[in-house]
Amino acid sequence: MKFIRSSIVALAAAAGLASTALAAEFPAKPVTIIVPFSAGGGTDITTRTLAGPMAEALGVEIVVKNTAGAGGTIGAAETARSKPNGYTIGMMPVGPMTTQPHLRELPYNPESFDYICQAYSAPSSLVVRKDSPFNSLQDMLEHAKANPGTLNYGVQAVGSIPHVAGLGLAAASGAEFTFIPYKGSAPTFKAMLDGSVDMFVAHISFLTKNSDQVKSLAMLTSERVSTAQDLPTATDQGVPMHFPIWGGLVAPKGIPAEAKAALEAACEAGMNSEAFSSRMADLRMPLAFMGSADFEAFVNAEFSKNDKLLTAAGLKK
């Protein structure tokens, strides 16, 4: 019996060592990043830009998977219910993380995830077509007040930050808009080009990428953006607003500590890489890395803040 007990202890110890070794060897296969919006939008662009240098840091391939729909909640739910092994993670923006859970019953909330890093915090801009008669925020607001509800405001999803920003703009200015929801920035942009909507809120990288087709009426920030000093803010034009569009990498709750540490380090290395930083400079996006613990605290604070905003707007479920 003593021999049997000793053998069991030895086998258990060996299994523990093997498990530790396997965890320490993370990653041993490709990692998938779920983007909860369609291809071509700001979140997708940032994710694909970061994936390359992150893959180099990890030493494995990173696959970017677009799972769009329901304001980003389908992709967020897919991330939350994935195996908590570190091989499926998500680039979760502010909307699916901090506004949508207040608007509907969802199979996840901020406690459903482990937090890896904040990957971006991009200024947003109210944009119109290049040939729009409006050349400033005040031009547009004067028209909107004189013609209540006639201006169509495209939003990437009901309850998204662009939508909440539009509600905030209406409340702050006294103007009325007709809000039309779409599934992501690219479809909203297409709708604006074909005349279905008059304006929408764009991630700064989207604005920069399409500067030949759109123009900014106002950056929705409290101060001018360091990478876009030439663009006036809503605050400059008498309507104080601050609605950045941020996002970061999260994993299903319960991934191994070694996997989370490896992914956090790879995220930081990727964001500090020449490939990522130069691309962000081209898009006039400031770098905004935030580590695991800080990012988790930040998301929880944003969740509480947006709860209050949506309740005040009458959108809380």
So for region 93-111 (the condition being in contact with a Cys (Cβ under 8 Å, 6 or more places away or on another chain) and in contact (Cβ under 8 Å) with a residue 60 or more places away in the chain), does at least one residue qualify?
no
Out of all the residues in region 136-154, is one or more more than 18 Å from Phe303 (Cβ to Cβ), open to solvent by less than 10 Å² (accessible area, probe 1.4 Å) and of a type in the set (Val, Ile, Thr)?
no
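Got a sec? Which of Ser222, Ser185 is under 15 Å from Pro123 (Cα atoms), free of Cβ contacts under 8 Å to residues at least 60 places away in the same chain and in contact with a His (Cβ under 7 Å, 6 or more places away or on another chain)? Break it down into steps so the answer makes sense when it comes.
Values: Ser185 fails: free of Cβ contacts under 8 Å to residues at least 60 places away in the same chain.
Just a single option satisfies the conditions, and that option is Ser222.
Being in a loop (DSSP other than H, G, I, E, B), aliphatic (A, V, I, L, M), open to solvent by 20 Å² or more (accessible area, probe 1.4 Å) and touching a helix residue (DSSP H, G or I) at 6+ places or on another chain (Cβ under 9 Å) narrows it down to one of Ala57, Ala39, so name that one.
Numbers: Ala57 fails: in a loop (DSSP other than H, G, I, E, B).
Ala39 is the lone residue from the list that is in a loop (DSSP other than H, G, I, E, B), aliphatic (A, V, I, L, M), open to solvent by 20 Å² or more (accessible area, probe 1.4 Å) and touching a helix residue (DSSP H, G or I) at 6+ places or on another chain (Cβ under 9 Å).
Here's the yes/no breakdown for (1) part of a helix (DSSP H, G or I); (2) assigned by TED's automatic domain parsing to the domain that holds Ala262; (3) modelled with pLDDT of 95 or more; (4) over 14 Å from the mean Cα position of the chain (by Cα):
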| position | (1), (2), (3), (4) |
| --- | --- |
| Val63 | no, yes, yes, yes |
| Ala68 | no, yes, no, no |
| Gly71 | yes, yes, no, no |
| Gly75 | yes, yes, yes, no |
| Glu78 | yes, yes, yes, yes |
| Asn85 | no, yes, yes, yes |
| Met92 | no, yes, yes, no |
| Gly95 | yes, yes, no, no |
| Thr98 | yes, yes, no, no |
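Out of everything in region 235-256 that is more than 24 Å from Met97 (Cβ to Cβ) and in contact (Cβ under 8 Å) with a residue 40 or more places away in the chain, what residue ends up being most open to solvent (accessible area, probe 1.4 Å)?
Among those that are more than 24 Å from Met97 (Cβ to Cβ) and in contact (Cβ under 8 Å) with a residue 40 or more places away in the chain, it is Pro240.
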Would you be able to say whether some residue in region 224-231 is in a loop (DSSP other than H, G, I, E, B), aliphatic (A, V, I, L, M) and within 17 Å of the chain's Cα centre (by Cα)?
no
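Is one or more of the residues making up region 307-316 open to solvent by 60 Å² or more (accessible area, probe 1.4 Å), more than 16 Å from the chain's Cα centre (by Cα), on the phi > 0 side of the Ramachandran plot and without any contact (Cβ under 8 Å) to a residue 60 or more places away in the chain?
Going through region 307-316, the residues open to solvent by 60 Å² or more (accessible area, probe 1.4 Å) turn out to be 308-309, 311-312, 314, 316.
Applying the additional criterion that residues be more than 16 Å from the chain's Cα centre (by Cα) yields 308-309, 311-312, 314, 316.
Remaining after also requiring on the phi > 0 side of the Ramachandran plot: 314.
Next, from what is left, pick out any that are without any contact (Cβ under 8 Å) to a residue 60 or more places away in the chain: 314.
Yes, there is a match, as at least one residue in region 307-316 is open to solvent by 60 Å² or more (accessible area, probe 1.4 Å), more than 16 Å from the chain's Cα centre (by Cα), on the phi > 0 side of the Ramachandran plot and without any contact (Cβ under 8 Å) to a residue 60 or more places away in the chain.
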Given the conditions (1) free of Cβ contacts under 8 Å to residues at least 60 places away in the same chain; (2) buried (at least 21 other Cβ atoms within 10 Å of the Cβ), which single one is not true for Ala165?
(1)
Condition test on Leu106, is it in contact with a helix residue (DSSP H, G or I) (Cβ under 6 Å, 6 or more places away or on another chain), outside any loop (DSSP other than H, G, I, E, B) and modelled with pLDDT of 95 or more?
no
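The values are calculated or read from the model by the stated rules, or taken from the named source; none is laboratory data. Please read these numbers as outputs of a predicted model, since none were measured by experiment. For neighbour counting, all protein chains shown are included, and Cβ atoms are generated from backbone atoms with ideal geometry for every residue, glycine included. Accessible surface areas use protein heavy atoms only, side chains included; no ligands, DNA or RNA. Shrake-Rupley method; radii C 1.70, N 1.55, O 1.52, S 1.80 Å.
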